[in-house]
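Worksheet: one structure, shown below.
The values are calculated or read from the model by the stated rules, or taken from the named source; none is laboratory data. Given the structure is predicted, the values throughout are model-derived calculations rather than measurements. Cβ placement follows ideal geometry from the backbone for every residue including glycine, while neighbour counts extend to all protein chains displayed. Protein only, heavy atoms only, side chains kept; ligands, DNA and RNA dropped before computing areas. Shrake-Rupley method; radii C 1.70, N 1.55, O 1.52, S 1.80 Å.
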Amino acid sequence: MSPAAKSLNPVPIKERMKLPRQTMLEQPALLRARNFKEVNLGYSEDLARAEAQRCLECAKPVCIKDCPVGVKVKEFVQLIVAGDYLAAAAKIREDNVLPAITGRVCPQEDHCEGGCLMGKKVQPVGIGYLERFVADYEQKHMDHSAIRRVPPTGKKVAIVGSGPSCLTAAGDLVQKGHQVRVFEALHELGGVLVYGIPEFRLPKQIIREQIDYMRQMGVEFETNVVVGKTITIDELMQEEGYDAVFIGTGAGAPQFMGIPGEHLNGVYSANEFLTRINLMHAYEFPKFDEPMLDFRGQNVAVIGGGNTALDAIRSAQRLGAGKAYVLYRRSEAEMPARKEEVKHAKEEGIEFHMLTAPVEFLSDGKGWLTGVRSMRMQLGDPDASGRRRPVPIEGSEFEIPLSVAVIAIGTSANPLIQSTTPGLATNKRNYIEANPETQRTSRKGVFAGGDIVTGSATVILAMGAGRRAAKSIHEYLTTGTWHQSTHL
Amino acid sequence: MFKILHAEFIAPGIKRFVIDAPRIARKQRPGQFVILRIYEEGERIPITIEKSEPAHGTISIVVQSVGKTTHLLNALETGDSIRDVVGPLGNPSEIKKFGSVVVIGGGVGTAMAYPTAAALKTAGNRVISIIGARTRELVILETEMRGVSDEVQVTTDDGSYAEKGFVTDKLRALIQAGKQIDLVLAIGPIPMMRAVAEVTGKVNIRTIVSLNPIMIDGTGMCGGCRVLVDGKSEFACVDGPEFDASRINFDVLVQRNAMYRAAEQKSLEEFQRERDALLAKVHVEQACALQGGGR
């Protein structure tokens, strides 16, 4: 049966290929660059249906294959065409418990939209925008009292952390009837979604709604528990009776560059800068108690080219920075950030200095940052990451005056759990070793996934790991067998 | 919400809280700290745990009013609650038989030095304690320190109690008298710890200080509490809070602690102006949480 035969789409295939992608409504750049409200405003029903009608309904949809959690994109898009948005949301939820979040922060160009056939002709179908639309529609219109709970299996699972891998694993496991309790070190749930991603890209309210939804599904949450300090993995299993544990604590520790002046007042790690703003609401000082340096009208630079770097510098812009710079040692083509974020940042007036690598932070002699000395780079041969290696250009040093510099060059493994869990195998960079298919660790009943296994990656990749872990945890809990292959 | 089972001032501006926190009480070791947040709009601050009673599920902390958060905390009473308390964080003090140990507590630092002094005594060390305070009323935990020390010396800056002078005067006297000292532990204001390090550095006595820089998460995630140790960044929250004093760059420590002075001053003035309104806000939050309205 050809997909077109049962299609509800009124637009003939040939016509669809001519349709332009529906534009996302957004706050005007100059306005949004001074507030923390969400940049994207969402699709209306009309826009969503018009966009959904662009889907070619491929017989072998690449979008589904390329999604780390396997969202049935074609089916949910067809349900939008049919106008049944709640059914579309339910369809996504079969594979993704956090659609309102992934619809906003997923790098769709690397996954579902990357291989979209429409992208080869015009522009890919706005799958992320559509996902966001149905998730928001569901939140407004669904009957939350109808969320059903599954009969209990009597098995208990502890989830360590409350970021994307953990929430995904918790959501999948509670739907299998297991008793699931999430332990979070901070006072707020959501992990990197809360402390890392700013309000203007992912409003906190969205995360709270998704977590409330999970609470209604039966997931229990406990904040202020640092596993490895407050309680160990072994104590969770032996003393609190957990049958399995999933570790999804994220990448953790910020990396510094090891250049002179990193201890100066005004130099931040991106983790600290963003945590102050997002988790602690420093942008609302003095209504909130956590302070931030007052850099209104002064120069701020971020060092790095990922989403974290852009989140930091766009936050600085919103706090009133005079000039806001991105310093990145490679060229724009190598920047790991989402394309939409780069576009938004440019529209907001962020200045990009590509092929630029800081060599020293400059001081006023009293411990305060006054600027950064950098070198220009050129691209040489490809390195281990497959990207062309930046090579310093001799004699190219130059200085930029700065009041604040934010270092966003990545993270390294936080050792809290590894060092307190005997027998838990780690790799040479101290990330936890886990089987890439089952997420099993070297310890029976203990699973791990997300950045604490892979190093810094994306929300959706962490969710994929959470999903695989939930599947194999369920298998382990129901069969009791622990297939331990030689390499995990 | 973490219930305050008992709160009382033990000196002007210095209050002891006994808090219901069973998970922390069970794991706490001397030298570790908690991070707490009083209410929804509050900041997170680290405070060393004075002691814990695992059987009762309680920990106690001793807090001196300095900025807005500590002033607000010290306005809370028995029966109130603290929104978030997390811990025990940081590495425990190294406890073993060193031989003869001098434990120095400056001001409220005495409460933080006390649990380690007690553990060092139990481990078979000879413990000489030196307690310093600005003035008579601010000498705290003298009785407790006497209970775990072989010898206790007290100094006040103004001479209103015991001997006039600084803890370093007593330390220098011990060294000059040729007393065997295998380890010095100093906890108190940065200038005091720095002065102690200068005295012991000259005669190569191993000296441990407990640092309390500005922190947020306390788990090694943000890097805000970094201190310059032998020229390299270490995090006080996970690599400390205790460090070998001879390796610490005190200038950087002082400079980083001053980073938010302007904002801190503004917050403190706000507290002084709106103390009652702030307390009312905290009480409303507590009442909501009791009714299950908390998140």
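Potential lengthening of the chain between B:Asn91 and B:Thr78 amounts to 1.7 nm, from the contour at 0.36 nm per residue minus the alpha-carbon distance. Model label points for A:Lys444 and B:Asn249, set 7 angstrom from Cα along the Cα-to-Cβ axis, are 5.0 nm apart. With the simple spin-label model, which puts each label point 7 Å out from Cα in the Cβ direction, the A:Ala29 to B:Arg146 separation comes to 7.4 nm.
Rounded to the nearest 500 deg cm²/dmol, what is the calculated helix-only ellipticity per residue at 222 nm for the protein assembly as shown, with -39500 (n - 2.57) per DSSP H run of length n ≥ 4? Counting only the DSSP helices, I get -9000 deg cm²/dmol. Taken residue by residue and averaged, Cβ atoms of other chains lying within 10 Å of the Cβ of B:256-266 number 4. In the complete set of protein chains, residue-level accessible area for B:Met112 is approximately 40 Å², probe 1.4 angstrom. For segment B:43-64, heavy-atom accessible area (probe 1.4 Å) falls by no less than 40 Å² from the chain alone to the full protein assembly at B:Glu43, B:Arg44. A simple rule links phi to the HN-Hα coupling: the Karplus curve 6.51 cos²θ - 1.76 cosθ + 1.60 with θ = phi - 60°, which for segment B:47-53 gives 9, 5, 7, 6, 6, 10, 10 Hz, with x for Gly and Pro.
Computed with every protein chain present, the accessible area of A:Ser165 is close to 10 Å² [probe 1.4 Å]. Summed over both chains, the contact between A and B buries some 4100 Å² of accessible surface at a probe radius of 1.4 Å.
Over the protein assembly as shown, accessible surface divided per residue gives 40 Å², non-protein components excluded, 1.4 Å probe.
Inverting the pair-averaged 1/r between distinct Cα atoms of the protein assembly as shown gives 28.2 Å as its Kirkwood hydrodynamic radius. Other protein chain C-beta atoms within 10 Å of residue C-beta, averaged over A:222-230: 6.
Roll a 1.4 angstrom probe over the protein heavy atoms and tell me the percent of accessible area of segment A:1-160 that is carbon or sulfur. C and S atoms contribute 57 percent here. At an R0 of 60 angstrom, the distance between the Cβ atoms of B:Gln180 and A:Gln216 translates into a FRET efficiency of 0.35.
Close amide H partners of A:Thr356, meaning residues 5 or more places away or on another chain with modelled amide H under 5 Å apart, are A:Tyr328, A:Arg329, A:Arg330, A:Met377. Once all protein chains are placed together, B:Leu171 keeps about 0 Å² accessible to a 1.4 angstrom probe. Averaged over the residues of B:84-92, the number of partner chain Cβ atoms lying within 10 Å of the residue Cβ comes to 3.
Highest mobility in the GNM of chain B, judged by mean-square fluctuation with C-alpha springs under 10 Å and restricted to B:Pro115, B:Pro92, B:Pro12, is found for B:Pro12. Structure note, pairs B:Lys27/B:Lys179; A:Lys74/A:Lys444; A:Lys428/B:Lys232: Cα-Cα distances above 30 angstrom occur for B:Lys27/B:Lys179; A:Lys74/A:Lys444. Carbon-plus-sulfur accessible fraction, segment A:303-413 (probe radius 1.4 Å, protein heavy atoms only): 50%.
Evaluating 6.51 cos²θ - 1.76 cosθ + 1.60 at θ = phi - 60° for every residue in segment A:438-451, the Karplus couplings come out as 9, 6, 5, 9, 6, 9, 4, x, 10, 10, 8, x, x, 4 Hz, glycine and proline recorded as x. The calculated P(r) of segment A:125-189, using every Cα pair and 5 Å bins from 0, goes 3, 15, 16, 16, 21, 18, 8, 2, 0 in percent. Here's the picture: charge each Lys and Arg Cβ at +1 and each Asp and Glu Cβ at -1 in the protein assembly as shown, and of B:Asn125, B:Pro189, A:Pro28 the one pushed furthest to the positive end of that dipole is A:Pro28. Heavy-atom accessible area with a 1.4 Å probe sorts A:Met17, A:Met463, largest first, into A:Met17, A:Met463.
Amide H to amide H distances under 5 Å link B:Ile130 with B:Val103, B:Ile104, B:Gly105, B:Gln153, where only residues 5 or more positions off or on other chains count and H is placed in the peptide plane. Extent of segment B:183-295 along its three principal axes (Cα atoms, max minus min coordinate, largest first): 58, 29, 23 Å. Rounded to 0.05, the FRET efficiency of the A:Gln123 and A:Phe256 pair, given R0 = 51 Å and the Cβ-Cβ distance, is 0.80. Distance from the C-alpha centroid of segment B:1-71 to that of segment B:129-148: 20 Å, rounded to the whole angstrom. Among DSSP bridges having both ends in segment A:229-387, what percentage is antiparallel? Round to the nearest 5. Within segment A:229-387, antiparallel bridges account for around 50 percent of the total.
Rounded to the nearest 10 degrees, the inclination of helix B:167-176 to the longest alpha-carbon principal axis of chain B is 20 degrees. Expressed in Å, the radius of gyration and Dmax of the Cα atoms of chain B are 19.0, 63.
Expressed as a whole percent, the accessible area of segment B:65-131 that falls on carbon and sulfur atoms is 53 (1.4 Å probe).
For chain A, A:Cys55, A:Cys58, A:Cys67, A:Cys106, A:Cys116, A:Cys166 have no disulfide-compatible partner, since no other Cys C-beta lies under 4.7 Å from theirs.
Given chain A, what percent of its DSSP beta bridges are antiparallel, to the nearest 5?
45 percent
Annotation for segment B:204-228 versus segment B:93-117: alpha-carbon center distance of 17 Å. Among B:Asn257, B:Asn74, B:Asn125, the largest mean-square fluctuation in a Gaussian network model of chain B (Cα springs under 10 Å) belongs to B:Asn257.
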